[in-house]
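The block underneath contains the structure these notes are about, expressed in structure tokens.
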Amino acid sequence: MRILIVDDEALARSRLRTLLGDCDARHQVMEAAHAGEALARLGISGGRAVDLVLLDIHMPGQDGLALAHQIQGLPHPPAIVFVTAHADHALSAFELDAVDYLTKPVRLQRLQQALAKVQRTLGQGAPAQAVQPAEGEALLIQERGRTERVPLAEVLYLRAEQKYVTVRTATRSFVVDDALSELEARHAAHFLRVHRSTLVARRAMRALERHYDADEGEGWAVRLHGLTEPLPVSRRQVAAVREALAG
């Protein structure tokens with residue numbers, strides 16, 4: 001991948017560059033120390049396009065959140081992964097459709113996980129095919145003093161809502177306290193992220209269509225077998241949904 005590191009601290013950029021080399025020496029890595037330099041690298045002033053921006057939040061002048069908003073307005077925006085020493089901006093980051101949010105000091109394994117997410121988003125890896133869950137695969141639901149097994153084959157989508165994740169089947173809804181990112185990593189073969197807050201069952205996807213959302217305006221939505229309401233698809237995930245439907 002072509003990766004741009006944006007951080008005002010030279011040591012932080014150097015550490016990330018080293019970690020990226022440990023992940024895969026084939027990555028093409030560029031650096032920027034501030035927003036203006038980053039925008040030039042992204043092609044606004046003649047620089048070449050990149051696939052991924054590793055973006056610090058607290059920087060002199062224009063901060064990372066403002067820069068991310070500007071990047072999202074590009075015709076073909078790169079994926080964004082925030083890399084910051086502050087964990088209090090996570091919600092704002094994901095509202096900007098960030099693929100992931102890493103806290104400093106970044107661990108190699110955590111960076112590898114983020115890069116894997118980006119590759120799935122960009123469709124650069126082998127496309128994940130819809131896999132029928134094995135008979136024994138299930139989510140364990142703790143509810144009202146009892147534990148219930150919900151087969152993965154029955155789950156249509158997982159949606160993050162405040163501190164919990166809603167698990168939806170064709171007939172019922174459950175709540176679990178697992179993080180959506182953990183569920184995504186655990187069951188990536190069965191679920192596709194279509195929005196910052198939503199994973200859908202690959203096997204249940206039936207159509208991608210234009211959709212109007214009261215909060216986000218004109219956009220896209222995916223229809224699932226066994227569900228009447230469409231689910232919003234973020235702009236960044238439209239290509240991944242199309243690919244999954246074609247496969």
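Give me the extension gain from Asp8 to Asp213: residue separation times 0.36 nm, minus the current Cα-Cα distance, reported in nm with one decimal. Could you put the intermediate results ahead of the total?
Values: separation 205, 0.36 × 205 = 73.80 nm, distance 3.70 nm.
Contour length minus Cα-Cα distance gives 70.1 nm.
Compare the peptides 148-160, 196-208, 69-81 by average per-residue count of other Cβ atoms within 10 angstrom and give them in order, highest first.
On the way: 148-160: 18.1, 196-208: 19.8, 69-81: 16.2.
Result, highest mean first: 196-208, 148-160, 69-81.
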* To do: With semi-axes √(5λ) of the Cα gyration tensor in Å defined as stated, name the option among (1) 42, 18, 16; (2) 33, 19, 17; (3) 39, 24, 13 computed from the structure displayed.
  => (2)
* Please name which of Leu19, Gln70, His58 has its Cα lying farthest along the dipole of region 2-122 towards the positive end, using unit charges on Cβ (Lys, Arg +1; Asp, Glu -1) and the Cα centre as origin. => Leu19
* Asked: Hey, rough spin-label estimate for Arg242 and Gln109, points 7 angstrom out along Cα→Cβ, what's it come to in nanometres?
  -> 3.7
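Nearest 0.05, what FRET efficiency do Thr18 and Ala170 give at R0 = 45 Å with Cβ-Cβ as r? All intermediate terms of the calculation are to be shown ahead of the outcome.
Details: r = 48 Å, r/R0 = 1.08.
Once the sixth-power term is evaluated, E becomes 0.40.
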* Asked: So how strong a dipole does the chain carry about its Cα centre when Lys and Arg Cβ are +1 and Asp and Glu Cβ are -1, to the nearest 20 debye?
  -> 660
* Structure fact -> DSSP beta bridges in the chain: the antiparallel percent, rounded to 5, is 65
* **Full-stretch length increase - Glu148, Gln70 - with 0.36 nm per residue and alpha-carbon distance subtracted** => 23.6 nm
* Total charge dipole magnitude, region 2-122, about the Cα centre, Cβ charges on Lys, Arg, Asp, Glu only, Debye to nearest 20 -> 460
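Each value in this text was obtained by applying a stated rule to the coordinates, not by laboratory testing. These figures come from a predicted structure and were not determined experimentally. Positions of Cβ are generated from backbone atoms using ideal geometry, with glycine treated the same way; all protein chains shown enter the neighbour counts.
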